[in-house]
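Below is one structure; the comments refer to it alone.
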Amino acid sequence: METIIDQVVRAAGHYEGRGDGIESGPFGGVVDIRPLLGGRGAELTYTATAPDGSVLHEEHTVLALDMWSGEPTLYVLCAELEGLGELLQASETTFSNGRGVDSLQLQIELRLDGDVLHYAWSWGAPGDDVVERTRVALTRTR
């Protein structure tokens, strides 16, 4: 059975596009996807920049099976959050840290549609609903 890991590994390449965010407004995005260890995982390097060229978001993420649960998992390291985040696959295209009431709940949507990569961050403070905060659509350029 094909997993999201297989899909992302097959979609390796350089992606560029436009996005929008509740706090940031419009931005440009670049994602590079690189297979890891013969396709056992993939690295996603993501940078979002404001129209003036300033960096809004920088992220290095690994998508792989968690060695303990065997579930597809995103391991996210980004400039805005301290430490490495672990988000388990919650639906076909969504990963979540599943924390909810006691701490920040974070969800990342990773969806491939042909040569277009959709990537969205949603979160909610403790006790609040999870709300989509940023979304970018990127097209493979190489």
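The values are calculated or read from the model by the stated rules, or taken from the named source; none is laboratory data. Note that this is a predicted model, so its numbers are computed, not measured. Cβ: placed from backbone, ideal geometry, glycine included. Neighbour counts: every protein chain shown. The area values use the complete protein model at the heavy-atom level, side chains included, leaving out ligands, DNA and RNA. Shrake-Rupley method; radii C 1.70, N 1.55, O 1.52, S 1.80 Å.
If I build a Gaussian network model for the chain, linking alpha-carbon pairs within less than 10 angstrom, which residue out of ILE22, ILE33, ILE108 has the largest mean-square fluctuation?
ILE22
Could you tell me what percent of the accessible area of the stretch 33-86 is made up of carbon and sulfur, with a 1.4 Å probe and every protein chain present? Don't jump to the answer; show the numbers that get you there.
Details: 1860 of 3200 Å².
Carbon and sulfur atoms account for 58 percent of the accessible area of the stretch 33-86.
Sorted by accessible area (1.4 Å probe), largest first, how do ASP6, ASP113, ASP66 line up?
Correct descending sequence by accessible area is ASP113, ASP6, ASP66.
Report the longest stretch of the chain that contains none of the GluC sites (Glu not before Pro) sitting in a DSSP loop with at most 11 other Cβ atoms within 10 Å. Intermediate values should be presented prior to the final figure.
Working: sites that count: GLU2, GLU23, GLU80, GLU82, GLU92.
Maximal segment without exposed cleavage sites: 24-79.
Would you rank ARG99, ARG111, ARG133, ARG142 by solvent-accessible area, highest first, keeping every protein chain in place and using a 1.4 Å probe? Kindly include the intermediate steps, with their values, before the conclusion.
Values: ARG99 140, ARG111 80, ARG133 55, ARG142 180 Å².
The residues order as ARG142, ARG99, ARG111, ARG133, largest area first.
How much net charge surrounds HIS57 when only other residues with a Cβ under 11 Å from its Cβ are counted (Lys, Arg +1; Asp, Glu -1)? Present the calculation step by step, with values, prior to reporting the outcome.
On the way: positive: ARG133; negative: GLU23, GLU58, GLU59, GLU80.
In short, -3.
Given the Cα-Cα distance of GLU23 and THR94 and 0.36 nm per residue of separation, how much length would full extension add, in nm?
Values: separation 71, 0.36 × 71 = 25.56 nm, distance 2.16 nm.
Stretched out fully, the GLU23 to THR94 stretch lengthens by 23.4 nm.
Pop out the ³J(HN,Hα) list for the stretch 47-56 in order, Karplus 6.51 cos²θ - 1.76 cosθ + 1.60 with θ = phi - 60°, rounded to Hz; leave Gly and Pro as x.
Residue by residue, the stretch 47-56 yields 10, 10, 10, 6, x, 7, x, 6, 7, 9 Hz.
Taking the chain as a Gaussian network, where each spring joins two C-alpha atoms under 10 Å apart, which residue of PRO51, PRO72, PRO35 fluctuates the most?
Comparing PRO51, PRO72, PRO35 in a Gaussian network model of the chain, the most mobile one is PRO51.
Just to verify a number: what accessible area does VAL131 come out at with the full protein assembly present, 1.4 Å probe, Å² rounded to tens?
Answer for VAL131: close to 60 Å² accessible.
Sticking with the crude label model, points 7 Å out along Cα→Cβ, report the distance from THR141 to VAL62 in nm, one decimal please.
Distance between label points: 2.8 nm.
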